Amino acid sequence: APPYCTDATGARACHCADARAMRGVRPDIVVLGKALSGGYLPVSAVLADDAVMLRIRPGQHGSTFGGYPLANAVAKAALQVIVDECLCEKARARGDQLRRGLRELNSPLIELVRGRGLLNAVVVKHEAPDAAWLMCLKFAQRGLLAKPTHGDKIRLAPPLTISEQQMDECVGIIGDVLRTFEH
């Protein structure tokens, strides 16, 4: 099978291009979606060289909103904002800041911190099987949204526009909540 690379956040929040370069992988096709329009309209894109794209014939593919002029204009403007505001570089810096801050909490409840860019996860070590869910509820009460997954993991995917100060606040909230779960 040909190599592939995905970026679940759209707009390179996990630095897919950087990951490919580090691993020596150049995908035949890259599929982008979700955040491609900045959240305003449903927009996705398929990127590939002519060698791939010219093999696809009418009727071999489909798209719910393909060719929608307004969505295309919004996506183009959103991509320009990503470039103009250096959001890829900021995602890398803020993601590094988040992971460093979580590790520096030295919480006995954090088994593992992992991620790339702004797509991150914490593996929670706690005797309660629903601890990650309960922690996320406490985060939400403090204004921080996170998603529990697979019972013991918390997904953290802040927006591309998060500031250094806001990231410090997030780490502070997480630290405060974790301390309430320590027995």
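The values are calculated or read from the model by the stated rules, or taken from the named source; none is laboratory data. As the structure is a prediction and not an experimental result, all values here were calculated from the model. Because the Cβ atoms are built from the backbone with ideal geometry, glycine has one as well, and the counts that use them run over all protein chains shown. When the accessible area is computed, the model is the full protein with side chains, heavy atoms only, and any ligands, DNA or RNA have been set aside. Shrake-Rupley method; radii C 1.70, N 1.55, O 1.52, S 1.80 Å.
Of note:
- Acute angle (nearest 10 degrees) that the helix 69-84 long axis makes with the longest principal axis of the chain, alpha-carbon atoms: 60 degrees
- The stretch between GLU169 and ARG114 holds 17.9 nm of extra length on full extension. This uses 0.36 nm per residue minus the Cα-Cα distance.
- Residues with amide H under 5 Å from that of LEU160, placed H, sequence gap 5 or more: none
- Gap separating the Cα centres of segment 27-63 and segment 97-168, nearest whole Å: 32 Å
- In this structure the chain gives 62 Å² per residue of accessible area when probed at 1.4 Å with all protein chains present.
- Just checking the listed ones, HIS61, HIS150, HIS126: in the Gaussian network model of the chain with Cα springs under 10 Å, the one fluctuating most is HIS61.
- The C-alpha atoms of the chain define a longest principal axis, and helix 87-104 lies at about 20 degrees to it.
- The chain, accessible surface, carbon-and-sulfur percent (1.4 angstrom probe): 56 percent
- With a Cα cut-off of under 19 Å and a minimum spacing of 8 residues unless on different chains, the lysine pairs in the chain number 7.
- Here Cα extents along the principal axes in Å was calculated from the structure, and among [x] 62, 34, 29; [y] 70, 56, 29; [z] 47, 35, 28 it sits at label [x].
- For segment 71-113, the spherically averaged projection of the C-alpha convex hull amounts to 4.2 nm².
- Convex hull per residue volume in Å³, alpha carbons only, for segment 115-169: 80 Å³
- Rounded to 0.05, the FRET efficiency of the LYS147 and GLU104 pair, given R0 = 25 Å and the Cβ-Cβ distance, is 0.65.
- A Cβ-based charge dipole, computed about the Cα centre of the chain with Lys and Arg at +1 and Asp and Glu at -1, lands at about 340 debye.
- Gain on full extension, evaluated as 0.36 nm per residue between LEU70 and VAL31 minus their Cα-Cα distance, stands at 12.1 nm.
- Between HIS183 and ALA140, the FRET efficiency from the beta-carbon distance, with R0 = 30 Å, is close to 0.85.
- Helix-only CD estimate at 222 nm, as mean residue ellipticity for the chain, using -39500 (n - 2.57) per DSSP H run (n ≥ 4): -13000 deg cm²/dmol
- In degrees, nearest ten, helix 164-181 long axis to first principal axis of the chain (Cα): 50 degrees
- The chain, relative contact order in percent, only Cα pairs under 8 angstrom and at least six apart counted: 18 percent
- Kirkwood hydrodynamic radius of segment 71-153, from inverse mean 1/r over distinct Cα pairs, in Å: 14.7 Å
- FRET efficiency for ILE56 and GLN97, using Cβ-Cβ distance with R0 set to 25 Å, rounded to 0.05: 0.05
- Dipole of segment 108-165 [Lys/Arg +1, Asp/Glu -1 at C-beta], most positive-end residue of THR161, ASN120, ALA140: THR161
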